[in-house]
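Inspection log for the structure reproduced underneath, given as structure tokens.
The values are calculated or read from the model by the stated rules, or taken from the named source; none is laboratory data. Fair warning: this is a prediction, and the values are worked out from it, not measured in the lab. When we count neighbours, we look across all protein chains shown, and the Cβ atoms used for this are built from the backbone with ideal geometry, even at glycine.
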Amino acid sequence: MNSAVFLHGARDLRISTYQPPAPGPNEVMLDVAAVGVCGSDLHYYKDGGIGGATINTPFIPGHEFSGWLKEDIPQLDLQSGELVAVDPATHCAQCEWCKKGYYNLCPNVKFLGAPPYQGALTQQLPVPLTGLVKLPGDITASQAAMLEPLGVCVHAMDLARVRVQESVAVLGCGGIGLGIIQLLANSSCGSILGVDPQPHKVDKAIEAGATSAGTDLTVINEYTSNRGCDLVIEATNSPDGFAHAVRAAAIGGRIILVGIPDGDIYSDIAASEARRRGLDIRFSRRMGDVYPRAIELVKTQQVDVDAIVSHHLPLDGTGHAFEWQANNKSGLIKSMVYPGTVPAAVQLNSF
């Protein structure tokens, strides 16, 4: 019998039997291979929702995932048993924003792993054909699942429009922050300064390519002699993230807000601090059509997504993955869950 992880409400996660519905028109059944635990999944776990997307009935989280096809899809040149990545977002293609190309802003999006749409923390799942992403033959199940968060990083970089030799601060050095630091290290920017309150993530930021890193804004103040950075990319889950980004920015600087704050609110920001700097502030939401670039970055080893995954767990370890991340377990960067067969090369963590 198929099993799945259900969130019933804040911090109420249970594993139960689950019979997935048969695939509908233009859908295909997948055997789920690997699922990354995302920061947004954690908000559902800690807060019971994100904005208007609340848990009203038990649902299956998980939107960063890969899977094995259960049948041939000739029109997409895909064969049964082939590993694919999945874009969890199905936009309507009809609204004003879709027609302008802003698919990531579609208000009618159907997003796997966000209520009421079931996600991938289950052994089998029907998915839209439009979400299937063909992969190179040498990519692993975990790497394929990491293409979705890497896509978020690529989209944030597109919004940032990094300039030659400008200074950049990255606030929050979890999975998204570390992916962005790797992309910045491949760019033409100048100094890259990482900030995270957890010392092991500071160390990871340096490994990922940061020029310097620290546990608070002191590293930015000291490195820039209190000038601040030209570009600040915020990727935290803290209500203080926006305010910290403002304080980290130089006069005339730019801020890209990628993180989702706990409680869905930003803490008080002194208007004068942002206004007197004349800051350009943009909010980043999900991604556009970036999977081809994300695949190329992994294939050519320009981004090491394996270095971001610190913990590997079976489906019955999912509760520990959520609890560890909620409690900021030392050494944890990102957990990968394997709902079915665990690849032979994967060493699972004990719990």
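This table checks each residue for (1) under 16 Å from V35 (Cβ atoms); (2) buried (at least 22 other Cβ atoms within 10 Å of the Cβ).
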{"position": "D72", "(1), (2)": "no, no"}
{"position": "D77", "(1), (2)": "no, no"}
{"position": "G81", "(1), (2)": "no, no"}
{"position": "N104", "(1), (2)": "no, no"}
{"position": "L125", "(1), (2)": "yes, yes"}
{"position": "K134", "(1), (2)": "no, no"}
{"position": "T140", "(1), (2)": "yes, no"}
{"position": "A156", "(1), (2)": "no, yes"}
{"position": "E166", "(1), (2)": "no, no"}
* Asked: Out of all the residues in region 240-265, which are surrounded by 15 or more Cβ atoms within 10 Å (Cβ to Cβ), within 18 Å of the chain's Cα centre (by Cα) and farther than 13 Å from V195 by Cβ?
  -> I256, L257, V258, I260, P261, D262
* To do: Identify the residue in region 92-102 that is part of a loop (DSSP other than H, G, I, E, B) and either more than 20 Å from the chain's Cα centre (by Cα) or at pLDDT 95 or above (or both) and, among all such residues, is surrounded by the most Cβ atoms within 10 Å (Cβ to Cβ).
  => C95
* Tally, over region 103-129, of residues that are within 19 Å of P149 (Cα to Cα) and part of a strand (DSSP E or B) -> 3
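Regarding S66, is this residue within 13 Å of P126 (Cα to Cα) and either within 18 Å of the chain's Cα centre (by Cα) or of a type in the set (S, T, N, Q) (or both)? Give the steps one after another, and end with the answer.
On the way: within 13 Å of P126 (Cα to Cα): yes; either within 18 Å of the chain's Cα centre (by Cα) or of a type in the set (S, T, N, Q) (or both): yes.
The answer is yes for S66.
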* Structure fact -> Of the conditions (1) in contact with a Pro (Cβ under 8 Å, 6 or more places away or on another chain); (2) buried (at least 20 other Cβ atoms within 10 Å of the Cβ); (3) assigned to a loop (DSSP other than H, G, I, E, B), the single one that G62 does not satisfy is (1)
* Could you tell me whether region 286-294 includes any residue that is in a helix (DSSP H, G or I), out of contact with any strand residue (DSSP E or B) (no Cβ under 7 Å at 6 or more places or on another chain) and more than 21 Å from A144 (Cα to Cα)? => no
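Mind checking whether some residue in region 36-45 is under 22 Å from the mean Cα position of the chain (by Cα) and in a strand (DSSP E or B)? If you could, list the steps in order and put the result at the bottom.
Initially, region 36-45 is screened for residues under 22 Å from the mean Cα position of the chain (by Cα), giving 36-45.
Next cut, in a strand (DSSP E or B) only: 36.
There is at least one residue in region 36-45 that is under 22 Å from the mean Cα position of the chain (by Cα) and in a strand (DSSP E or B).
Would you confirm, using the coordinates I've provided, whether D268 is over 19 Å from the mean Cα position of the chain (by Cα), outside any helix (DSSP H, G or I) and surrounded by fewer than 18 Cβ atoms within 10 Å (Cβ to Cβ)? Can you show your working first?
Working: over 19 Å from the mean Cα position of the chain (by Cα): yes; outside any helix (DSSP H, G or I): yes; surrounded by fewer than 18 Cβ atoms within 10 Å (Cβ to Cβ): yes.
It is true that D268 is over 19 Å from the mean Cα position of the chain (by Cα), outside any helix (DSSP H, G or I) and surrounded by fewer than 18 Cβ atoms within 10 Å (Cβ to Cβ).
Filter region 303-351 down to residues that are outside any helix (DSSP H, G or I) and either basic (K, R) or under 18 Å from G174 (Cβ atoms) (or both), then give me how many there are. It would help to see each step written out before you state the result.
Taking region 303-351 as the starting set, the residues that turn out to be outside any helix (DSSP H, G or I) are 303-304, 308-314, 327-351.
Narrowing the set further to residues that are either basic (K, R) or under 18 Å from G174 (Cβ atoms) (or both) leaves 303-304, 308-313, 327-337, 349.
Residues meeting the conditions: 20.
Yes/no per residue for (1) modelled with pLDDT of 95 or more; (2) over 20 Å from D47 (Cβ atoms):
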{"position": "D268", "(1), (2)": "no, no"}
{"position": "R293", "(1), (2)": "yes, yes"}
{"position": "G317", "(1), (2)": "yes, yes"}
{"position": "S335", "(1), (2)": "yes, no"}
* Asked: Is it the case that P23 is assigned to a loop (DSSP other than H, G, I, E, B) and under 28 Å from G259 (Cα atoms)?
  -> no
* Check whether at least one residue in region 240-256 is within 17 Å of I308 (Cα to Cα) and part of a helix (DSSP H, G or I), and report yes or no. => no
